[in-house]
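*Asks:* Structure provided below as structure tokens; questions to follow.
The values are calculated or read from the model by the stated rules, or taken from the named source; none is laboratory data. Not measured: the values here are computed from a predicted model. All Cβ positions, glycine included, derive from the backbone under ideal geometry; neighbour counts span all protein chains shown. Please note that ligands, DNA and RNA were not included when accessible areas were found on the heavy atoms of the full protein model with its side chains. Shrake-Rupley method; radii C 1.70, N 1.55, O 1.52, S 1.80 Å.
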Amino acid sequence: MKRFLLVMGLILSSLLTSCIPHKDIVYLQNKDMATDTLQMMVEQQKPYRVQINDILNIRIKVLDQENVSIFNPIGEGNLNASASERAYFDGFTVDTHGSIRIPELGLMTVLGYTTTEIEELIKNRLLEEQFKETANMFITVKLSGLRYTAMGEVRSPGTQILFQERVNIFQAIANVGEVDITGDLKDVLIIRQYPQGQQIHHLDLTDINVMNSPYYYIQPNDMIYVKPLKQKTWGTGTTGRESLATIVSVLSLVTTTILLLTRF
């Protein structure tokens, strides 16, 4: 009888610990203070610097637009094309050497520059070779969408393109259908590309201080990986109801086995 109680105690303990705690599935918890506080969030996002395979959208405006029509793509070749498809065909792709080819201006190195710096580069080249200061030039350079990939314990894994200047980690995850209950919110990986290679950064989405992280805002070509919790591999249930059902099944099996053994 003592052995039976010991075995049942161990089974119950393991099943109860297999439930996913409420604190592990709640975003932005204030782990430093128990009371409500007003906390100032300091944004630490740095200007994005262009990488290889980025697609740039360049628009040039002057007083006489006919003089710059060759620089500005028409973008109406296929009216059925999506915004991302038009951006791909009309934009300027950064090649493996970090350059783009602009009509009349030829190759221009843009790798490692911000979009604001590229605007100045194009403006200076045009003033040197094509126009005068009196042209009242207005140049805009933007990334043709913010492309990122989400993998792991998200409901719709895959690649997304968002046409926004800034996207934080919560917005990025919301656009792939949120994190499953079996996802590890305490250690979300951001795989980011740099000129020297890729680096992995870790974010705890259950901690309110994540908003102060330099990786809180995602960048183009980021990969977001949400790891599974151990409860998923244990297969004992992620909620109290599921764990209770497992406990009942185990108890029924153990009781039946004992009754059969005592009969022989």
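*Asks:* Only one of Ala81, Ala87 is in a loop (DSSP other than H, G, I, E, B), surrounded by 15 or more Cβ atoms within 10 Å (Cβ to Cβ) and at pLDDT below 90; which?
*Replies:* None of the other options fit; the residue is Ala81.
*Asks:* Does the stretch 190-228 hold any residues that are aromatic (Phe, Trp, Tyr), open to solvent by 50 Å² or more (accessible area, probe 1.4 Å) and assigned to a strand (DSSP E or B), and which are they?
*Replies:* Across the stretch 190-228, the qualifying residues are Tyr194, Tyr225.
*Asks:* Next question, about the same structure. Among Leu107, Leu121, Leu127, Leu111, which is the only one that is part of a helix (DSSP H, G or I), on the phi < 0 side of the Ramachandran plot and modelled with pLDDT of 90 or more?
*Replies:* Leu121
*Asks:* Given the conditions (1) touching a Gly at 6+ places or on another chain (Cβ under 8 Å); (2) of a type in the set (Gly, Ala, Ser); (3) modelled with pLDDT of 60 or more, which single one is not true for Ala245?
*Replies:* (3)
*Asks:* Among the numbered criteria (1) buried (at least 16 other Cβ atoms within 10 Å of the Cβ); (2) over 21 Å from Arg155 (Cβ atoms); (3) in contact with a Lys or Arg (Cβ under 8 Å, 6 or more places away or on another chain), which one does Asp184 miss?
*Replies:* Of the numbered conditions (1) buried (at least 16 other Cβ atoms within 10 Å of the Cβ); (2) over 21 Å from Arg155 (Cβ atoms); (3) in contact with a Lys or Arg (Cβ under 8 Å, 6 or more places away or on another chain), the odd one out for Asp184 is (2).
*Asks:* When you scan the stretch 127-137, do you find a residue that is touching a Ser or Thr at 6+ places or on another chain (Cβ under 9 Å) and among the aromatic types (Phe, Trp, Tyr), even just one?
*Replies:* no
*Asks:* Tally up the residues in the stretch 147-184 that are aliphatic (A, V, I, L, M) and within 10 Å of the chain's Cα centre (by Cα), please.
*Replies:* 8
*Asks:* Tell me, please, whether a residue that is hydroxyl-bearing (Ser, Thr, Tyr), within 24 Å of Val50 (Cβ to Cβ) and in contact with a helix residue (DSSP H, G or I) (Cβ under 7 Å, 6 or more places away or on another chain) can be found in the stretch 158-175.
*Replies:* Within the stretch 158-175 (the criterion being hydroxyl-bearing (Ser, Thr, Tyr), within 24 Å of Val50 (Cβ to Cβ) and in contact with a helix residue (DSSP H, G or I) (Cβ under 7 Å, 6 or more places away or on another chain)), the answer is no, since none of the residues qualifies.
*Asks:* Based on what the data block shows, is Asn53 surrounded by fewer than 14 Cβ atoms within 10 Å (Cβ to Cβ), closer than 13 Å to Leu143 by Cα and either at pLDDT 80 or above or of a type in the set (A, V, I, L, M, F, W, C) (or both)?
*Replies:* Judged against the criteria, Asn53 is a match.
*Asks:* Please determine, by comparing only the residues of the stretch 144-159 that are open to solvent by 50 Å² or more (accessible area, probe 1.4 Å) and assigned to a strand (DSSP E or B), which one is farthest from Tyr225 (Cα to Cα).
*Replies:* The selected residue is Arg147.
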